[in-house]
Amino acid sequence: KIALMLQECGADLINCSAGIYETGLNCIEPASYADGWRIYLAEAIREKVSIPVVAGGIIRKPAMAEKIIAEQKADFVFLGRSLLADSQWVNKAWRGDSEAVRPCILCNNCIGSHYQGRSISCTVNPAAGREGDLIVRHYGGESLVETVVAGGGPAGMHAAIALRRRGIPAVLYERSPVLGGMLNWAALPPHKERIQEFKDYLIRELYLSGTEVILGHSFGEEECWSRRPGYIIMATGSAATKPSIEGWDEQFCWLLPDVYQQGRQISDSRVLIIGGGSNGCELADYLLSYNNQIIIVEEKDIIAHNMERKNRRALLERLAKGQVVLRKKSRVVKIEPGQVLIQDSQGNAENIGVEMVLAAVGFAAGDGLLESIPAQFRHHIHIIGDAAGPAGIKEALLQGEMAADSIARQIQCPIEKR
Ligand SMILES: Cc1cc2nc3c(=O)[nH]c(=O)nc-3n(C[C@H](O)[C@H](O)[C@H](O)COP(=O)(O)O)c2cc1C
Ligand code: SF4
């Protein structure tokens, strides 16, 4: 009815968005929403009016946009976050190179920054909001100075791609047989599968960039002498922190990465998770799929405090639906087979019966690689990503970009001559 009234009043076009800030999650949807979920709105309106109708909302892939138009569900599509993630989305779609589109992962950090009064930025696209600053200066031919990137997670892969875009030879060492680092398990919790697409995108770009990729091989002193790199970018990630709690027993006490590698073995169990930050809560969400009963113990009085608020709200709703018990302002003081002693901030203690204890209490940087680098090569080391201090995908990529930019500037104008 409203659409017809708008048409009658002289509207030239109707853009079918959904919701306002006050209506909750619909207007800038978190990752739990499916791609293209709003299209039915445009389709229904288009059946009634004769003016053009625009559809949009989580259109991430050119094929989906194409299909909406081909099936006459809308006359146009709009893109919001997809263009923040990749300003060249339309050009890539136009030339039929959909695989080259850098996919939005629906983390909502863009709108999160906006809410915090900061300028716009994007997790997967370091150039978003920095278009004037992050101008890629090509070396102007192939540089003779090689850079070694140690680590094939998001920071290392992005750094290598950024180096190659500047004409700098890059060789990437990854000690495991696969690329991706923490992206491999970050994509596992419910609704995080778009991270897998982003990982695939990075791997594709890495190989297309011409980076020499060496898998299953650690970079160390020996490789330093044989390669003699001009620069080293250390992107060796971080390791999960083990809590120092009396009774920790690896038979039934696991760290977060252990769970994602062997998680399917935890089912139909009573599980206590130490740490109610975003990692602990997403782990609970993941384990709910395997019919576990879950208790989260968090020292703060807030759960998932470090998450963007729309995705946080959707996650907390799922945890509530899964009857996850939240024990805030509490900590685990002792673990025994079959039970855990927890204590709240008032000093009240309680024994809770559990079968598994899982820890999601953070990550610590570094794995000793720096010490293995001979002194001659240490002047030109950049430490990026979690190796510099655990942060997130956004920081990892930005630091990779900045390291490549800094190396490119030094090659063009060596520090000694400045
Ligand atoms: C950073 C950002 C700012 C937005 N600001 C507005 C706004 O001011 N008014 C509005 O109606 N929608 C706004 N939106 C919502 C978008 O118009 C769009 O409906 C939504 O992001 C879903 O489309 P997408 O998946 O293509 O991003 C904003 C979205 C983002 C990501
Ligand atoms: S910040 Fe996240 S949600 Fe926003 S455009 Fe980038 S990837 Fe998408």
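The values are calculated or read from the model by the stated rules, or taken from the named source; none is laboratory data. Remember, it's a predicted structure, so these values are computed and weren't measured experimentally. Cβ: placed from backbone, ideal geometry, glycine included. Neighbour counts: every protein chain shown. Accessible surface is based on the protein model in full, side chains and every heavy atom, while ligands, DNA and RNA are left aside. Shrake-Rupley method; radii C 1.70, N 1.55, O 1.52, S 1.80 Å.
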field: segment 163-246: C-alpha gyration tensor shape, a/c 1.5 cut-off, then a/b vs b/c
entry: oblate
message: Which of ILE39, ILE20, ILE384 ends up with the largest GNM mean-square fluctuation for the chain, with Cα atoms connected below 10 Å?
response: ILE20
statement: For the chain, using Cα atoms only, the Rg and Dmax in Å read 24.4, 76
statement: Residue ranges of DSSP H helices in the chain that stretch 20 Å or more (Cα, own long axis) and have mean Kyte-Doolittle hydropathy of at least -0.5 are 393-412
Cα-based reach from LYS321 at 27 Å (exclusive), listing lysines while leaving out same-chain residues under 8 positions away: LYS192, LYS300, LYS310, LYS329
query: Hey, can you rank 74-80, 51-57 by average C-beta count inside 10 Å, highest first?
result: 51-57, 74-80
Residues with amide H under 5 Å from that of ILE383, placed H, sequence gap 5 or more: MET234
message: Relative contact order for segment 267-343: what percent, with Cα pairs under 8 Å and sequence separation of 6 or more?
response: 31 percent
task: Under 21 Å Cα to Cα from LYS67, which lysines show up? Leave out anything in the same chain fewer than 8 places away.
output: LYS48, LYS92
task: Might you report the magnitude of the Cβ-based charge dipole of the chain about its Cα centre, with Lys and Arg at +1 and Asp and Glu at -1, to the nearest 20 debye?
output: 860 debye
message: Projecting each Cα onto the charge dipole of the chain (Lys/Arg +1, Asp/Glu -1 at the beta carbon, about the Cα centre), which of ALA150, GLY275, HIS382 comes out farthest on the positive side?
response: HIS382
- request: Would you work out the relative contact order for segment 250-309, in percent, from Cα pairs under 8 angstrom that are 6 or more residues apart?
  value: 37 percent
- line: Checking segment 107-200 for GluC sites (Glu not before Pro) in a loop per DSSP with at most 14 other beta-carbon atoms within 10 Å yields GLU131, GLU142
statement: In debye to the nearest 20, the charge dipole size for segment 342-412, taken about the Cα centre with +1 at each Lys and Arg Cβ and -1 at each Asp and Glu Cβ, equals 420 debye
message: Can you give me the solvent accessible area of TRP248 with a 1.4 Å probe, rounded to the nearest 10 Å²?
response: 40 Å²
message: Suppose every Lys and Arg Cβ carries +1 and every Asp and Glu Cβ carries -1, with no other charges. What dipole size does segment 290-394 come out with about its Cα centre, to the nearest 20 debye?
response: 540 debye
